[in-house]
Ligand code: PMV
Ligand code: MG
């Protein structure tokens, strides 16, 4: 066994955030190619290092490393082995998704879970499809009590722009409690992941507020306001956005992204904090649609710009509002 290296990226919600917490609801999520890297090589005993913490541990309990350790335990279980039976390794994780100690908010905890599973599978020469990776990472996170939809995991496991329809996590949590891993994995969870091929020429822009927001807290704050009207309206728009992306229907995209953005404004005022309101307002008078992404309250917002000069104006306005251009891509 030689040294292996694998990477996983980040993600940002385009549409369907909050609604996708409900089973059967869909979201569109974009992969962000800002990568974390894992290196695994044979070692006398298990040694784990992440540049997030700057110290190494083994498998003894450590709250910072708990998610990494759980991912390792799940992979061993998947291989039908105990950790002692498997050749030991050293695992080093670098590329924290942050700047000046402030996180980007592009899904680092989801990404690290997928990264560890992918890295150890490669090290033990175990082929893992994107779908198996999705199920294993979701299993790990649900087991740990994560309250997210797993849409982030779908996007990161497929490393692409995806359309994700949510499964019933409480049902899967029940299976995890009283069935073994193989049995849980063999079951039909009822989700759908589809890669979207966008046929819409535009600039995809990511603005970073530099204000960290914790999704788990935002979900707890907002979830009681999610009602049937919000769910129905969001689902209709997400479906419209998906087909409009595929056929390159710019007007529909603009109208429907504006609608999902307005629905988020109405859901809870904490989603659009002042900087995200500025991020959105910066699109005024331009051939651009901008919105908050994910749970909001800080982190990032996105924009689709249909005119190169307008992209420049938008970026200038963002800079003036203290918003960093985290990433841009031509579609
Ligand atoms: O803020 P983010 O990028 O972690 O997105 C959260 C999206 C929610 O729908 C609010 C929660 C979830 O896990 O789906
Ligand atoms: Mg966030």
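Bear in mind that the values in this text are calculations on the coordinates, not laboratory data. Treat the numbers as computed from the prediction; the structure is a model and nothing was measured. Don't worry about glycine lacking a Cβ; one is built from the backbone with ideal geometry, like all the others, and counts go over all protein chains shown.
List of remarks:
- Evaluation of residue 267 against (1) more than 16 Å from ligand 2 (Cβ to nearest atom); (2) crowded, with 20+ Cβ neighbours inside 10 Å; (3) over 20 Å from the mean Cα position of the chain (by Cα) (one fails), failing number: (1)
- Residues in the range 206-236 that are buried (at least 18 other Cβ atoms within 10 Å of the Cβ) and either in a loop (DSSP other than H, G, I, E, B) or away from ligand 1 (no atom under 16 Å from the Cβ) (or both): 209, 210, 213, 226.
- Of all the numbered requirements in (1) more than 15 Å from the chain's Cα centre (by Cα); (2) surrounded by 14 or more Cβ atoms within 10 Å (Cβ to Cβ); (3) more than 26 Å from residue 296 (Cβ to Cβ), residue 58 misses one, and that requirement is (2).
- Of all residues in the range 75-121 being surrounded by 20 or more Cβ atoms within 10 Å (Cβ to Cβ) and over 17 Å from the mean Cα position of the chain (by Cα), the one that is farthest from residue 3 (Cα to Cα): 78
- Residue count for the range 12-47, restricted to those that are near ligand 1 (Cβ under 9 Å from one of its atoms) and either assigned to a strand (DSSP E or B) or more than 19 Å from residue 266 (Cα to Cα) (or both): 4
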